[in-house]
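A.B. asks: I am attaching a structure below and will ask some questions about it afterwards.
The values are calculated or read from the model by the stated rules, or taken from the named source; none is laboratory data. Given the structure is predicted, the values throughout are model-derived calculations rather than measurements. Neighbour counts are summed over all protein chains in view; Cβ atoms, including those assigned to glycine, are modelled from backbone coordinates with ideal geometry. Heads up: the accessible areas ignore ligands, DNA and RNA and are worked out on the full protein's heavy atoms, side chains in. Shrake-Rupley method; radii C 1.70, N 1.55, O 1.52, S 1.80 Å.
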Amino acid sequence: MTRPAWLAPRVLRTEALSGLVVALALIPEAIAFSIIAGVDPRVGLFASVTMAVTIAFTGGRPAMISAATGAVALVVAPLVRDHGLQHLIAAVLLGGAIQIALGLAGTARLMRFVPRSVMVGFVNALAILIFASQLPYLVGIPWVGWALLAVALAVLVVLPRLTSAVPAPLVAIVALTAFTVSAGVTVPTVGDQGELPDGLPVLGLPDVPFTFGTLAVIAPYALAMAVVGLLESLMTAKLVDEITDTPSDKTHESWGQGVANIVTGLFGGMGGCAMIGQTMINVRSGGARTRASTFLAGAFLLVLMLALGDVVGTIPMVALVAVMVMVAVGTFDWHSVAPATLRRMPYSETAVTVATVAVTVATHNLAYGVGVGVVVASVLFARRVAHVVEVTAERDGEKAVYRVTGQLFFASSGELVTAFDYAGDPPSVVVDLSGAQVWDASTVAVLDTITAKYRARGTTVTITGMDPRSASRHAALAGHLDAG
């Protein structure tokens with residue numbers, strides 16, 4: 001029997017060290033997201049444990065980290081405020097079930113409709129949000145904190161050029177912690193962010209009435225959580241695919257996220273999805289490539305909370321801030337903003353990227369940014385295609401032939417009506433569509449309008465040259481739409 005690749009000592013060492021760094025970075029993030037959601041920090045911390053451990057087995061993208069996230073916290077915060085924790089847990093369970101259903105329905109295939117310009121905007125907005133999220137930890141810190149931050153950044157920049165034997169983030173965290181503790185330096189620490197748990201979560205169902213009234217309350221939040229979580233997870237998986245040059249099963253990842261959220265809900269967690277910042281630490285900084293790192297991140301997080309809580313509480317926040325700042329710098333696509341690139345890039349592509357970044361940064365929600373980016377890209381694409389439709393006319397005695405070329409759909413076919421000389425044409429008119437394709441009912445309605453205008457003047461119209469799909473669509477709809 002062949003031994004799994006991750007069991008090789010060198011690989012397992014890389015996966016374990018990377019998972020440990022991710023676990024350390026997860027603690028302040030999970031606490032912060034818990035505060036955003038309006039729940040006890042322990043709810044977010046345990047959610048991060050169960051999400052990471054479960055997705056290690058059920059996910060479709062190895063080495064990706066899933067845990068409690070800000071995107072989900074923003075969605076569920078109003079539910080917690082108005083109805084409490086138990087309704088949140090019920091929403092997490094329902095959201096997980098919705099994700100499973102969406103995954104099995106094949107919604108992951110919709111990722112192919114996300115253009116590259118949106119992906120670039122997604123990555124750059126992500127880097128900006130990661131960087132911005134660290135700034136509150138630097139407000140009001142003493143000068144020694146800034147000095148420690150500079151030292152940590154130097155370690156993160158220089159050490160990888162000297163050796164890859166030990167992850168630079170781990171060295172920075174351990175070194176700064178050892179110095180601050182031994183020297184008695186007072187700076188904000190992980191322990192200042194919130195209380196770490198001292199016991200295990202209990203398996204159980206939420207304490208809510210199982211009625212249609214409860215379903216009506218939680219369903220909108222569950223659906224929003226499911227969609228936002230899936231979108232962020234699939235975009236992260238696509239990014240990791242590009243970084244590692246390896247494919248992943250997006251459908252598998254979709255229903256795997258649902259399973260992870262159900263497990264998290266059963267243990268009283270706040271739910272979550274893929275964490276892009278921690279995934280970048282795992283894949284880029286740590287060099288992890290297997291599911292082992294994801295599992296160990298969750299396992300280490302549990303151990304750190306329960307067995308080493310006092311030690312973890314002494315980690316200076318500037319050490320973790322330095323790690324996340326370097327993640328932000330490494331994540332940003334600097335090539336996309338280089339003057340040479342901007343000069344060559346079509347304005348429409350740049351507009352899509354800027355729209356994606358602007359909306360994401362303004363709302364702090366990657367899902368909104370991606371949604372707006374896709375809409376803007378679709379509108380600009382439709383405008384470009386709409387202007388490439390051409391109509392040429394030829395007259396041969398008692399017959400006029402109009403040759404139409406281009407893609408005919410709602411944005412382009414409307415102008416066809418004005419391209420014909422209804423009053424001056426001979427008794428027979430041929431509309432040749434051999435160079436065009438009919439894509440929607442709007443185009444069929446326009447062709448009906450053209451035919452009706454000619455018929456009112458006693459002119460015979462023949463439509464020829466349609467490809468099989470266009471002919472089938474035309475045959476099914478022609479004469480059944482309002483031709484005006």
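A.B. asks: Going by the conditions given, is Ala423 among the hydrophobic types (A, V, I, L, M, F, W, C), out of contact with any helix residue (DSSP H, G or I) (no Cβ under 6 Å at 6 or more places or on another chain) and open to solvent by 30 Å² or more (accessible area, probe 1.4 Å)?
C.D. replies: Against the criterion (among the hydrophobic types (A, V, I, L, M, F, W, C), out of contact with any helix residue (DSSP H, G or I) (no Cβ under 6 Å at 6 or more places or on another chain) and open to solvent by 30 Å² or more (accessible area, probe 1.4 Å)), Ala423 qualifies.
A.B. asks: Also: If you go through region 233-273 one residue at a time, how many are among the polar types (S, T, N, Q) and open to solvent by 10 Å² or more (accessible area, probe 1.4 Å)?
C.D. replies: Count: 4.
A.B. asks: If you scan region 204-229, which residues turn out to be part of a loop (DSSP other than H, G, I, E, B) and surrounded by 14 or more Cβ atoms within 10 Å (Cβ to Cβ)?
C.D. replies: Once the filter is applied, which keeps residues that are part of a loop (DSSP other than H, G, I, E, B) and surrounded by 14 or more Cβ atoms within 10 Å (Cβ to Cβ), region 204-229 yields Pro206, Val208.
A.B. asks: Going by the conditions given, is Val321 open to solvent by less than 60 Å² (accessible area, probe 1.4 Å), under 23 Å from Arg284 (Cα atoms) and over 20 Å from the mean Cα position of the chain (by Cα)?
C.D. replies: So Val321 passes the test.
A.B. asks: Testing Leu196 on (1) outside any helix (DSSP H, G or I); (2) under 27 Å from Val80 (Cβ atoms); (3) more than 31 Å from the chain's Cα centre (by Cα), one condition comes back false. Which one is that?
C.D. replies: Answer for Leu196: the failing condition is (3).
A.B. asks: Continuing with the same structure: One residue is enough: does region 434-441 have a residue meeting the conditions open to solvent by 30 Å² or more (accessible area, probe 1.4 Å), modelled with pLDDT of 90 or more and among the β-branched types (Val, Ile, Thr)?
C.D. replies: The answer is no, given that none of the residues of region 434-441 is open to solvent by 30 Å² or more (accessible area, probe 1.4 Å), modelled with pLDDT of 90 or more and among the β-branched types (Val, Ile, Thr).
A.B. asks: While we're here: Name the residues in region 278-291 that are under 20 Å from the mean Cα position of the chain (by Cα) and open to solvent by less than 10 Å² (accessible area, probe 1.4 Å), would you?
C.D. replies: The answer is Gln278, Thr279, Met280, Ile281, Asn282, Val283.
A.B. asks: Residues that are closer than 21 Å to Val327 by Cα and either among the hydrophobic types (A, V, I, L, M, F, W, C) or open to solvent by less than 30 Å² (accessible area, probe 1.4 Å) (or both): which helices (runs of 4 or more DSSP H) entirely in region 81-165 hold 1 or more of them?
C.D. replies: It comes to 116-134, 143-162.
A.B. asks: Need the failing condition index for Gly59 against (1) open to solvent by less than 30 Å² (accessible area, probe 1.4 Å); (2) within 30 Å of Thr211 (Cα to Cα); (3) of a type outside the set (A, V, I, L, M, F, W, C), just the number.
C.D. replies: Against the list (1) open to solvent by less than 30 Å² (accessible area, probe 1.4 Å); (2) within 30 Å of Thr211 (Cα to Cα); (3) of a type outside the set (A, V, I, L, M, F, W, C), Gly59 comes up short only on (2).
A.B. asks: Which one of the conditions (1) part of a helix (DSSP H, G or I); (2) open to solvent by 30 Å² or more (accessible area, probe 1.4 Å); (3) of a type outside the set (S, T, N, Q) does Tyr454 fail to meet, given that it meets all the rest?
C.D. replies: (2)
A.B. asks: From the list Val354, Val370, Val461, pick out the single residue that is open to solvent by 20 Å² or more (accessible area, probe 1.4 Å) and either at pLDDT below 90 or out of contact with any strand residue (DSSP E or B) (no Cβ under 9 Å at 6 or more places or on another chain) (or both).
C.D. replies: None of the others qualify; the one that does is Val354.
A.B. asks: Kindly indicate whether Ala183 is under 16 Å from Val323 (Cβ atoms), open to solvent by 50 Å² or more (accessible area, probe 1.4 Å), more than 29 Å from the chain's Cα centre (by Cα) and without any contact (Cβ under 8 Å) to a residue 40 or more places away in the chain.
C.D. replies: So Ala183 does not fit the description; no.
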